[in-house]
């Protein structure tokens, strides 16, 4: 069995309120093992013998059958650690860096980036994520709020603290 985390876009703080128990119920109904949520932003840790691509599509369809239209990205513990290793920033405050998993290939809009970016903010695209360092905090950042306009595609973001915690939780699960 492989350890996975599903990252959902637009959940509880985004466009749709979904009880966390529903996320676990849907995962259980799909036969995923040891399903549990972390935080309210749409993180589901679980095990499965299937491939990540199949899991994301199945989970999205099962959520849609319950009336929730959410984008889903699924990655292994190893893929999450690789994404974290690519983070180009070492901030004093981990909540000031967000890693955005994209749903497709980013098409950077330089005009939107120039318009939205504050002078102290940095955006770096790596193979697995778009990384935003917003020293004043991503919640105050016009770039953070407009990241999908800049990237040209939907994305779901987690701050560096959350991503690190997810990796830690995956590594600590019983099957590891």
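The values are calculated or read from the model by the stated rules, or taken from the named source; none is laboratory data. Bear in mind that the values here come from a model prediction, so they are computed numbers and not experimental data. Here the Cβ is made from the backbone with ideal geometry for all residues, glycine too, and neighbour counts use every protein chain on show.
Whether a residue is within 17 Å of the chain's Cα centre (by Cα) and assigned by TED's automatic domain parsing to the domain that holds residue 146 was assessed, and residue 106 passes this test.
Among the residues of the stretch 58-65, some residue qualifies, meaning at least one is under 16 Å from the mean Cα position of the chain (by Cα) and over 18 Å from residue 166 (Cα atoms). With the condition kept exactly as written, say whether any residue in the stretch 153-161 is in a helix (DSSP H, G or I) and either buried (at least 18 other Cβ atoms within 10 Å of the Cβ) or more than 15 Å from the chain's Cα centre (by Cα) (or both). Within the stretch 153-161, one or more residues are in a helix (DSSP H, G or I) and either buried (at least 18 other Cβ atoms within 10 Å of the Cβ) or more than 15 Å from the chain's Cα centre (by Cα) (or both). Candidates are the residues of the stretch 109-136 that are loosely packed, with under 13 Cβ neighbours inside 10 Å and part of a loop (DSSP other than H, G, I, E, B); the one that is nearest to the chain's Cα centre (by Cα) is 127.
Is it the case, given these coordinates, that residue 123 is within 15 Å of residue 144 (Cβ to Cβ) and either in contact (Cβ under 8 Å) with a residue 24 or more places away in the chain or out of contact with any helix residue (DSSP H, G or I) (no Cβ under 9 Å at 6 or more places or on another chain) (or both)? In short, yes.
With respect to (1) surrounded by fewer than 15 Cβ atoms within 10 Å (Cβ to Cβ); (2) more than 21 Å from residue 44 (Cα to Cα), the lone exception for residue 168 is condition (2). Taken together, the residues in the stretch 67-91 that are touching a helix residue (DSSP H, G or I) at 6+ places or on another chain (Cβ under 8 Å) and more than 18 Å from residue 43 (Cβ to Cβ) amount to 3.
Being touching a helix residue (DSSP H, G or I) at 6+ places or on another chain (Cβ under 8 Å) and either in a loop (DSSP other than H, G, I, E, B) or not assigned by TED's automatic domain parsing to the domain that holds residue 32 (or both) is a description that applies to residue 95.
Is at least one residue of the stretch 43-56 more than 14 Å from the chain's Cα centre (by Cα), part of a helix (DSSP H, G or I) and modelled with pLDDT of 95 or more? Among the residues of the stretch 43-56, at least one is more than 14 Å from the chain's Cα centre (by Cα), part of a helix (DSSP H, G or I) and modelled with pLDDT of 95 or more, which makes the answer yes.
Residue by residue, here is whether (1) free of Cβ contacts under 8 Å to residues at least 40 places away in the same chain; (2) surrounded by fewer than 16 Cβ atoms within 10 Å (Cβ to Cβ) holds:
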site	(1), (2)
17	yes, yes
22	no, yes
38	no, no
44	yes, no
55	no, no
59	no, no
80	no, no
